[in-house]
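Down below is the structure, laid out as structure tokens.
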Amino acid sequence: MRDGAFPVKAPSCTKVRFYPILPTTEPTMSEAKRLAAEKAIEYVEKGMIVGVGTGSTVAYFIEALARIKDRIEGAVSSSEQSTALLKGHGIEVLDLNHTGGLSLYVDGADECDGNKNLIKGG
């Protein structure tokens, strides 16, 4: 089946036709997270060691990071979950104690307050 289509059986016919699914005006939460992760990739510079947090948005980021893994030195992970994803994509996981400071750390946020402060966790 083609992406963005759903099958509909035509009346009195054995053919199956595909009708496109029209995009909604608002992205789903999953799509918004994927888009945020893709945007974050724009901040990754050649030779960088990237810090990564944990969660669904970071999982999308790690998938995107895997496409450019040859441009980075490696990554520092905040969790076993992210470490497993990074290693699964062939990205070297480094120890923060041996890398020093990070120029970029990517993580999702669970909330944003009225002053646009991001809150991670409950």
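Please go through (1) surrounded by 10 or more Cβ atoms within 10 Å (Cβ to Cβ); (2) modelled with pLDDT of 90 or more; (3) at negative phi for HIS98 and return the number of the only condition it doesn't satisfy.
Here HIS98 meets the rest and fails (1).
Return the residue satisfying two criteria in turn: it lies in segment 53-77 and is modelled with pLDDT under 95 and part of a loop (DSSP other than H, G, I, E, B), and of such residues it is surrounded by the most Cβ atoms within 10 Å (Cβ to Cβ).
Per the criteria, the residue is GLY55.
Out of (1) more than 22 Å from MET29 (Cβ to Cβ); (2) surrounded by 10 or more Cβ atoms within 10 Å (Cβ to Cβ); (3) in contact (Cβ under 8 Å) with a residue 24 or more places away in the chain, what's the single condition that is false for VAL93?
(3)
Can we say THR99 is of a type in the set (S, T, N, Q), touching a residue at least 40 places away in the same chain (Cβ under 8 Å) and under 19 Å from GLU38 (Cα atoms)?
no
Looking for whichever is over 18 Å from the mean Cα position of the chain (by Cα) and in a loop (DSSP other than H, G, I, E, B) here; the options are GLY108, GLY101, GLY90. Which one fits?
GLY101
So, in segment 52-77, of the ones that are in contact with a strand residue (DSSP E or B) (Cβ under 7 Å, 6 or more places away or on another chain) and among the β-branched types (Val, Ile, Thr), which residue ends up farthest from GLY121 (Cα to Cα)?
Step by step, filter segment 52-77, then rank; the result is ILE72.
Would you mind telling me which numbered condition in (1) within 23 Å of LYS120 (Cβ to Cβ); (2) modelled with pLDDT under 95; (3) of a type in the set (D, E, K, R); (4) exposed (fewer than 13 other Cβ atoms within 10 Å of the Cβ) GLU80 fails?
Every condition holds for GLU80 apart from (2).
The values are calculated or read from the model by the stated rules, or taken from the named source; none is laboratory data. For clarity, every value in this text was computed on a predicted model and none was experimentally measured. Every residue, glycine among them, receives a Cβ derived from its backbone with ideal geometry; neighbour counts consider all protein chains shown.
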